[in-house]
Every structure is written in C-alpha cells, then in structure tokens.
Amino acid sequence: MWDNVKDFASDFFVTGDPLIYGADVAIVLTMVAIVSALTYFKKWTWLWKEWLTTVDHKKIGIMYVIAALLMLFRGGIDALLMRTQLAVPELEFLNPEHYNAIFTTHGVIMILFMAMPLMFGLFNLVIPLQIGARDVAYPFLNSLSFWLFFMGAMLFNLSFVIGGSPDTGWLAYPPLSEKAFSPGVGQDFYIWGIQISGIGSLMTGINFIVTILKMRTPGMKLMKMPMFTWSTLSSCLTIILAFPILTVTLALLFIDRYLGAHFFTLDGGGNPMMYINLIWMWGHPEVYIVVLPAFGIFSEVVATFSKKRLFGYKSMVFALMSISVASFFTWAHHFFTMGSGANVNAFFAVTTMIIAIPTGVKIFNWLFTMYRGRLSFPTPMLWMLGFIPCFVVGGMTGVLLSVAPADFQFHNSYFLIAHFHQVLIGGVAFGYFAGLYYWWPKVFGFKLNEKLGKWAFWLWNIGFYVCFMPQYFLGLMGMTRRLSTYGWDKGWYELNLISTIGGFLMGIGFLFQVWQILHSIKFMERDTTGDPWDGRTLEWSIPSPAPMYNFATLPRVSEKDDWWEEKQRIAQGGAPSPRPKLEPIHMPKNSGIPIIMSACFFVAGFGFIFDWLWMAIPGLVGVAACMLAHSFNYNTDYYIPVEEIKRTEAAAGRAI
Amino acid sequence: MMKRLRRLTAVLSLIAMTIMMTGCTDKIVVLNPKGEIGKHQLDLIIISSVLCLVVLVPVLILAFYIAWKYKHRPGKDTKYSPKWEHSTKLETIWWGIPIVVIAILGIITVKYTHMLEPSKPLKHEAKPLVIEVTSLDWKWLFQYPEQGIATVNYVEFPANVPIEFRLTSDAPMNSFWIPQLGGQIYTMSGMAMKLHLIADEPGSYMGSGANFSGKDFGKMQFTANATSQEEFDGWVQQIKGSSPALTTEGYLQLAEPGVSDLQSFSSIPEGLFQKIVTKYSSGHNHGSASEQADSKE
Amino acid sequence: MAHSSNRAVAAPSHGDGHGHEGHHDLEGMRMMGFWIFLITDCILFGSLFATYVVLSGNTAGGPTGAELFEMLGVIAETFILLTSSFTSGLAVLCMNKGDRKGLIVWLAITVLLGASFITLEITEFVNLVHEGAAISTSASWSAFFTLVGTHGLHVSVGLVWMIAIMIQLGRHGINSVTRRKVGIISLYWHFLDVVWIFVFTIVYMMGVM
C-alpha cells in the first residue's frame, strides 16, 4: 500500500530537480501565508463578497491585471532561466528536457496568460468608462470569463509541480505533441489550460462587441468613439472569428491523444500539416488581437499629452479594421518552408506585406498628432515614444521576413525570435505599460511615482535593445531557435552573452516597476480631480476611482473627445452642459456561480488530463449544474436609490 | 537635456555594434553565401532592406525631430494647433508611400519566389547529384542512391555540381538548413520534398536541423563538405571500401530515438528512402502514397 | 449562489430588465449576444467541416463511409430534425399569441423529436463501431465521428436547455425574460437544423455518391 502511494507520488509530482523543489517550497509557503493572513485579519467574507463574486467590471479588471502581472513574473523568470543557460556555450545549467519545457511555458504564458489578460484587464477598466456605460453588456458572463481564464492559467501552471510541464513549443506541433512522441501529461495540461481560458476569451470578445455596439452613452455615434474603443472593437471582432478555430484545433489534438483518433498522427491517415495550418489560422490573428488595443492606447496617450486632437481619425479607424480583416489572410507565412509551391508562397508573402501599409499609416498619424502639439513626457508618453522606433524597426524586419525566398534564410532562426519579441515587447508590452501608467490614477485614485517609472522605462528600453539586437545577428549567423546549448566553435558566445545581459536589464526594469507600485501605494498623493492628465475622453469626467455605478447621470455627447471640448467651453466662459435629474440606477447583483463553475471546469480538465473519469464526469456535471442554477435564477439585479448616489457623489467631492 | 543625451548614447551604441558586426561578416553565414541560391537570397535580403530603410530612416528622424521640436517648455514659442486633425494631402502622401514601396517589394518578391522555388532544378551543365535526406530522432541520414552509400550527420558533395536533395522524415518534422548554400525546407514524413542547392567553392559549411523536434533536437547539427570532383570520387571509393553496410535492421536501429556520431555506410537497402516515404502516406483507398510524394515535385 | 446586495434595495419586479435610461434594452442585447455566439459556432463547425473534407479520403485501408452508411436511418434522422425545427417554430407562434400551454406542448414535442434524433444517431454510431469503424480506425472516421458527434452534442445540450426553459415557463409564465429565452432556444434549434443539412449533404450524400 505504502509503496503504491510512493510510486504514485513520484509520478504525480515533478521530482528530481532542485529548482523545482525550491519552487514547491515557495509555492506552499506563499499559500500558507495568504491563507493565514486572510484568516488572521478575518478577510474571507470580504474577499468573497467584494472580489471573488463581483460582477463589477472595474474590480474584474483589477483582478485581470494582478493575474497578468503575476504571469509576467513567471514568464519572465522562464526567460531569464533560458538566457542564463545560453549565456555561455556548453553550459549545463538546464538540461535539454528542462530547457524545452521552459521555452514552451514561456511562450504560452506570455501570449495567453500575460498579454491576453492584461488586455482584457484594460478593456474592463476602461471601455465602459470611455463610452459612458454603467457596466459591460453581460456582467455575469464577464465574471465567468475572468474565472475561466484564471482557472485555465492555474491548471497550466500546475503542470510545473504536478505531472510535468509541456515541452513541445508554444504551438505544440504534431506529431511531436501526439501521444507517440509526448506520452506524458504535460501536453494535456497545455490543451486543457488553454482550452478553458480560451472559452473565457471568446466570451469576453462577444461581451465587449455588444457593450461597444449597444451601450454607448446617448450621442456617441460610432465615428465619435475614442480610438481605444475602436481598437477594442476590432480586437474583439478578431477574437470571435479566430478563437473558435483554436478551440477546434486543440479539441482535435486532445481527441487524438485521448481516444486514439488520427487527425494529426503519422499513422492512420493523419495529417500533421493540417494542425499547422489550423493553429496559425488562429495564431496569426492572435498577435493582431493583442497588438490592436496597444495601438488604441497609444492613440489616446499621444493625443492627451500633445494636447491636440488625434490626427487622421478616419484613417486610423480604417487602418484598425483593415488590419483585423487582413490578419486572417496571412497565416501561411509562418511556414513558407513547407514547400507549398511558389504561387501559395507568393500570395501569402504579398498579403503579409499589405498589412504593413495600414500599420505604417498609423505611425505617421501618431507623429502628426504630436506635430504642432504641446508635448509633455510623463511615463505614459515616454512608453509611447519608446514604442515608435522599436515597433518601426520590428515592423521592418517583419516585412523582411515576409519576403518568402528570403524567409528561407530567416525561418526558425534567432532573426525571427528577435523580430517577434521586438513587435510583441516593443508593441504590445510597451503599449500595455503605457495604458497601465495612463489609467492607473483613474483606477486607484493616485498616480504612480514618475521618477521610479522613468528608471523602469530606461532599463526596459536599453535592456530591450541590448537583449534583442544581437539576436538578429545570431540568426544571420545560423543560430536556430529552441537550441538548448551550442558549442564554442560556432562563434556565437559574445552576442549571446550580451543578449543575456540585456535580458537581466529588463528583469531589473520589472523590479523597478514593482517597487514603483509599492512605493506609490504608500507615498503618492490622492488625485481629487479625477482628471490628473488633463484628459480628453469621458473616463476623466468622473471621480477617481470611479463610483460603482460609474456615471451618476449618463453624459450626453456631441463631439469626439467630448470631455476636452466641454472643458474648453467652460474655460471660455460657457456653462457646463445641463445634467439630467438623478434616477435610481439599475445594477446587476454579484454571483458566486462564475467562480464555482470555473472551478468545476478546472476539476473536469484535471480529470481528463490524468484520465480519471471519476473526477472528470463530476466536474462536467458541476458545470452543467451551475449553468442551470444561473438559468433558473431570476433574482439578478437591483436598483441603487437616488439618496445613495447623492451620498457617494458628495463623498467624491462632486456637486449634484 | 540629460534624457536626450541618454537616448543619443543608446542609438550610437547600436550603430557601433552594427559596424563591429559587419567587420566580421564571415561569421555571419547568411550574409556570406557560397552558393548560387544563397547569393540570390542575399540579394533579395539587401533589396528588401534598402526598400524598407527608405521609409524607416525618415520616420525615425521625423519622430525624434517632432518630439524634440514640440516639447513644451515655458517660454518656448512653437506653433500650437490643437484642432488640426485632418489633411487630405498629407494623409494621401502617407497612404501612398507605403503602397508604392510595398507594391515594388511585392513585385520583386513574386518574381524571386518563382525563381527560387526550392523544387525547381538549377540551370547548370553538370548533371545534378541526388542525395536523399531523412531526419530521424535526433540525427540526419544522407543516402546517395547513385553511389549506393550513406552517411550520418555529415554530407559530402562536389562543388560546382548542382545537388538535388530529396527530403523526408521518419520522426517529427524537422527543417534542413545549410545557411551558406541557401535557405531551408521542412522534412516531413509521408512526403518527399525537393531542395536544389549548389556550392560555388569547396569548403566546410555548417548545417542544422532548424525545426524543433524534441529532446535532443539541439544535437541535429551536421557539416556539409563541398570538395572537388576528384576528392568526392575518392571519398566515395573510400566509404565503399572501408565502411560497414547499412541493412534494413541496421536502419531500424538507427531510427531509434537517440543521438549519433558521424557514421558512414558502404551500401544501402534497395528503395529504403521510398519505403520511408510511403510508410506514412495517408493511405487513401486509391493508394495515393506516390501521389502525395509526387504532388510535391 | 451568493448575492451580496448589501447596500441596495431589490429590483422592484422580476423580469422587467429594461433600465430607466431607456436606451439599453437588456433582453434585446442578450439576443444580439446570442447571434454573435452563433457566428462563433458557425466558425467552429466550419473548421470541423474543413477538417472532414481534408481527411475524408484518408481511410488508411479501412472501411469507407460509402460502404457503411445506412442511408435509411440518416434520412429518418433528417426528417425528424426538420420536423422538430418546424414544431419549435410553432412553439414561438403560440408564445406570440400568449398561449402558454400551447407553447409548452410544442416545446415538449420538439424535445421528443430531438431525443429520437439523438437515439437514432447513437444507434447509428454503435452499429458503425460494430462494423469496424471507430474513431480510432482512420483519419476519415476520426473526422466523421467528431463532426457528427459535435452536432449531436449540440442537440443534446439543446434538449436539456429546452426542458429547463419549459420548467421556467411553468413557473413564471410568458414575460420579457422567458420570451427572450424561448426566442434564443428556437434560434439555436434552427441553427442546428441548418448545420445538419450541411452534415447530411457533405458527409452522407457526398459520402455515398
């Protein structure tokens, strides 16, 4: 009996690596600390009522951001471990299997569990405020999306200590990811972690499309929407078209592994190339899904800190929409080397290049927003300014990669690695950082410390170039991606060492950001104006942080950047627009179902991963029960009385 | 001022690094091709880079100039037009420039894509040498059907003779890449891909498996030796004289997952390569194994 | 299920979801969301159909669909599902007339027809497996079972959902919320019908031809 238990445990838990034992101890200690702290301060009820069951988009947004930053930490540690291993030739810091697991989890976490939730966090924090809405279209679904993402991410991360991590690359190409070549459970953790959070992403896409199309405040015509709202709309449209393909692809891979089907296997008539096509039909739009909102953020930031209208609004909208459409016609550029023939390659090369046109136009429009403006450079604007050169160079190397015959020499090399990190860090990460710094005072009611922020910015920026510029040359020197080590004879060591130093500079930059947040929580002054940057859009017209109902009365909008125009009118002696009479506000009630249902999904996923039907079936039954419970519940909303609105507004210093 | 200085140092150090790099181009194999295909690909890389730089450099200069010029300081009197948000003329210009650049690049790309299609035989008076390449877990098998020999993890061929690589895989997909001779192509099971390359001068060139294929994927490096025709013939005779034969059982053993040193074989089983390809053919009713292989040709 | 509305009065009446602002029609918004969900479901089925078309020839020497499909059963399934789509339409007509009883009865008939469709489909699957065509037989059969099975799973979910709505109709009668729910389920049911027509044409008809 005891031996059986021991056997089971040694298979079940990942063993044998001191790094992992260290992590085990850290995880257990952190959990014990959190649980004891909550118990000691009697915060369990507070946690449940205010956070875990909340349907308030602002709180959900905060939870997304926290989770994303934690994932950024883990993905970043993965990156630094890899850079350490590659710093010197023939290093035995990580063995090949461990290295393979680390680059896989790094990729998955950074795209799916860091960039996506950070993006959703910003959608949640900003969109309803920007369009003058009280909440998103489906607050319950919004909470469910978050918890599905969270449980999916937890399931994926669990593979670190239980069962073993996936190790077949972030897109898990078959036949390598099939049972024949990856018999372990790591690959199943990959499938279920992404699948569960993917359902959440799909629902968020639907939610925000309806929110933007249906819940804008009176007078806000589509062509008067702020640019971030437009970018969210284009990103969400791309989500709803792309994510079902991911769901199908992963489901087919799972059916292969679990039921012995032959979609992508080598035998039985399977076709691995089909997986590669399918996964990139999602995967390519996915990178545009994460970068489009960053474009939106830059558009807001650049207009605010130039104190000027965004240049070329219609061009910008058209560019966003055409990018999201075109992103569906470029997927095959990820495998020009598959030998599909000259015509196919030429087609996808040209479609890829075409995307550069609207992207280039956006850059010009941002530059001419600054032209004849009154520029100031607080941290959000600094990230904007750091973004332009970085993204322009990354975009240019992207065009180089799109030239199919030249790509034969770039493909799968460090040139490619450098390119996509340049657009994903320089575009997406810098963009989301800009967004976080910009909207932070709106969310928490105080600005982040500028001095520490500037340190973080320069460390990230310099670190970025030191890390990734050498990688372009490493690629041209023939260094291929995913190599766990290399010989002294290759002549790659100087540049690899430089690159590692750059990686650690970015790591220090991240530490500065953590310090900046902690420092600012303690020392920064509260912003009582609600409009610390002299902003342009509606979110700056209400107190910071926004009251739970956002707008005491819905604003009536007549122009783009209505809040800015209103301020101009008042400055010229005009009267503020009249406010309608206060009325009770209709609000959704909190619900525990989303978190419980997502936990059931987690249980079901875990059961399928280990092929434990006794666990998977109750999990699925739990999911169904939660859905029914929600369907039968007709008591889902309430009204905030006028008296309470008056009290809240007065406390925020607003006269009604 | 401080900030601008810091930005300047960052840019300068980048430029310095670039110059330092170009000082030792022979290490940068892609920029130092030794074969016709690689040279064409380098031409294409240079053409596309120049075309992109035409847009890139002005944009970067403009970005920093505008940021510097319009930075607001008390007492500074630059033009301020807060309501200026549209100019048909300007926007036409910057829709126009990228469209023109991309159109030019697109035309060049389409032309080169057809010219450098890997399955297209090279125009050359010499008859091409056929080498059959199989990626295994985690080693490369090279068979010479005309010479009847095989090698593992190194490949020899005469310079100035076109080489017709036929490629497949008996393991998860990999990618065959000899940077100095020209770009790569995937090796996929159930298919025989073709890649035509040529070495313009004798030399020892780095080759690698560029697509991740599992645990010891990093060990799938090989050397491609281009020699004179005489040396090549001598080498074939030497292999035939001194190396063991590759049997069908021997192949199965070789195909087992694991790494391998350099090996050579004096003979190969009849039709081994074709067998490896058909083994994974998707088994249409109408036996389309050869169809699949053929369709790639 | 925890509802912490600690600082507010409860909504005055159940089911009248429309807010005071006047321009957010909650139930209409939910209907729109469902339409968008259907778009995503279309893409899901589209991917599965594409997979089927690519793989349907890859039988790896095993049996083909043409050899094993029992067209009689399939035609019966088709007929039953089409009829159930019609009855779900009749249910909506009853709802529009305010006839709660008729609505529930027609929904019940729809559920029965749907259940017989599922029964026939399961029987078909069992027979196929007996004749040596399981999901692991070849890529062709993997794609067949996955595509047709996904449709069947959708129908089964619809059945449970429809029963739940019938119970809710019994409890709350016809109001704006149940009206929207019936509208959505009948939309969903018609959608599955359309998908089945594609399954019938692409999988079965083109399979045996």
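Derivation of every value follows stated rules applied to the coordinates shown; laboratory data play no part. On a predicted model such as this, the values are computed, not experimentally measured, just so you know. Note that each Cβ is placed from the backbone with ideal geometry, even for glycine, and that neighbours are counted across all protein chains shown.
Among C:Ala143, C:Ala50, C:Ala91, the residue with the largest mean-square fluctuation in a Gaussian network model of chain C, with springs joining Cα atoms closer than 10 Å, is C:Ala50. Across chain A, the longest run free of exposed loop sites, meaning trypsin sites (Lys or Arg not before Pro) lying outside DSSP classes H, G, I, E and B with no more than 11 other Cβ atoms within 10 Å, spans A:222-580. Extension gain for the segment A:Lys179 to A:Leu222, taken as residue separation times 0.36 nm less the Cα-Cα distance, is 10.5 nm to one decimal. Measuring nothing but how far apart in sequence close Cα pairs (under 8 Å, 6+ apart) lie, relative to its length, chain A scores a relative contact order of 16 percent. Against chain B, whose longest principal axis is taken from its Cα atoms, helix B:2-22 shows a tilt of about 30°. Provide, for q = 0.08, 0.11, 0.13, 0.15 Å⁻¹, the log10 of I(q)/I(0) from a solvent-free Debye sum over equal Cα point scatterers in chain B. With one equal scatterer per Cα and no solvent, log10 I(q)/I(0) is -0.51, -0.79, -0.97, -1.19. Subtracting the Cα-Cα distance of A:Leu259 and A:Arg647 from 0.36 nm times their residue separation leaves 133.6 nm of extension gain. Pairs of Cα atoms nearer than 8 Å and 6+ residues apart set the relative contact order; for chain B it is 19 percent. Over all Cα atoms in the range A:305-404, the spread is summed up by Rg and Dmax: 16.6, 53 Å.
Computed per residue of chain B from DSSP H runs no shorter than four, each worth -39500 (n - 2.57), the mean residue ellipticity at 222 nm is -13500 deg cm²/dmol.
Rg and Dmax of chain A, based on Cα coordinates, read 25.0, 85 Å.
Placing +1 on the Cβ of every Lys and Arg and -1 on the Cβ of every Asp and Glu, with nothing else charged, gives the protein assembly as shown a dipole about its Cα centre of roughly 5940 debye.
Ordering B:Ser48, B:Ser228, B:Thr92 by the projection of their Cα atoms onto the charge dipole of chain B, which places +1 on the Cβ of Lys and Arg and -1 on the Cβ of Asp and Glu, puts B:Thr92 at the extreme positive end. Here the extension length gained between C:Ala76 and C:Ile122 equals 15.2 nm, from 0.36 nm per residue of separation less the Cα-Cα distance. Working from label points 7 Å from Cα in the Cα-to-Cβ sense, the B:Leu53 to A:Lys522 distance is 5.0 nm.
Other protein chain C-beta atoms within 10 Å of residue C-beta, averaged over C:129-139: 4. With the helix formula -39500 (n - 2.57) applied to DSSP H stretches of n ≥ 4, chain C reaches a computed 222 nm mean residue ellipticity of -25000 deg cm²/dmol. In this simple spin-label model, placing a label point 7 Å from the Cα along the Cα-to-Cβ direction at both A:Leu582 and C:Asp25 gives a separation of 3.1 nm.
Here the calculated FRET efficiency for B:Tyr65 and A:Ala629, from their Cβ-Cβ distance with R0 = 60 Å, stands at 0.45, rounded to the nearest 0.05. Against the empirical curve 2.2 N^0.38 Å, the C-alpha radius of gyration of chain C lands at a ratio of 1.24. DSSP bridge analysis restricted to the protein assembly as shown gives an antiparallel fraction near 75%, rounded to the nearest 5. Applying a DSSP loop filter and a limit of 11 other Cβ atoms within 10 Å to the trypsin sites (Lys or Arg not before Pro) in the range B:88-140 leaves B:Lys123.
For each pair in A:Lys214/A:Lys581; A:Lys490/B:Lys120; A:Lys362/A:Lys560; A:Lys58/A:Lys224, compute the distance between the two Cα atoms and list the pairs where it is over 26 Å. Pairs exceeding 26 Å: A:Lys490/B:Lys120. Assuming R0 = 25 Å, what is the FRET efficiency of A:Glu92 and B:Gln253, from their Cβ-Cβ distance, to the nearest 0.05? That pair, A:Glu92 with B:Gln253, gives E of 0.30. Taking every DSSP beta bridge that has both ends in chain B, the antiparallel portion is near 70%.
Per q in 0.06 Å⁻¹, report the Debye log10 I(q)/I(0) for the protein assembly as shown, using one uniform scatterer on each alpha carbon and no solvent. Values, matching the q order: -0.52. May I ask you to derive the relative contact order of chain C, considering only C-alpha pairs under 8 Å and at least 6 residues apart, and to give it as an integer percent? Relative contact order of chain C: 31 percent. Placing one equal scatterer on every Cα of the range C:30-79 and applying the Debye formula, the log10 ratio I(q)/I(0) at q = 0.15, 0.25 Å⁻¹ is -0.68, -0.94. In a DSSP loop and with at most 12 other Cβ atoms within 10 Å, the GluC sites (Glu not before Pro) in the range A:88-148 are A:Glu90, A:Glu92.
Dividing the summed -39500 (n - 2.57) terms of all DSSP H runs of n ≥ 4 by the residue count of chain A sets its mean residue ellipticity at 222 nm at -22500 deg cm²/dmol. Between the beta carbons of A:Trp48 and C:Val129, assuming R0 = 51 Å, the FRET efficiency works out to 0.60 to the nearest 0.05. For trypsin sites (Lys or Arg not before Pro), the sites in the range C:59-133 that DSSP calls loop and that have at most 11 other Cβ atoms within 10 Å are C:Lys97. Cross-link pairs exceeding 25 Å between alpha carbons, from the set A:Lys308/B:Lys76; B:Lys34/B:Lys275; A:Lys454/B:Lys83; A:Lys451/A:Lys522: B:Lys34/B:Lys275; A:Lys454/B:Lys83. Across peptide A:370-379, what mean number of C-beta atoms from other chains lies inside 10 Å of a residue's C-beta? Going residue by residue through A:370-379 and averaging, the value is 6. Principal axis extents of the C-alpha atoms in the range A:264-312 (largest first, rounded to whole Å): 64, 15, 7.
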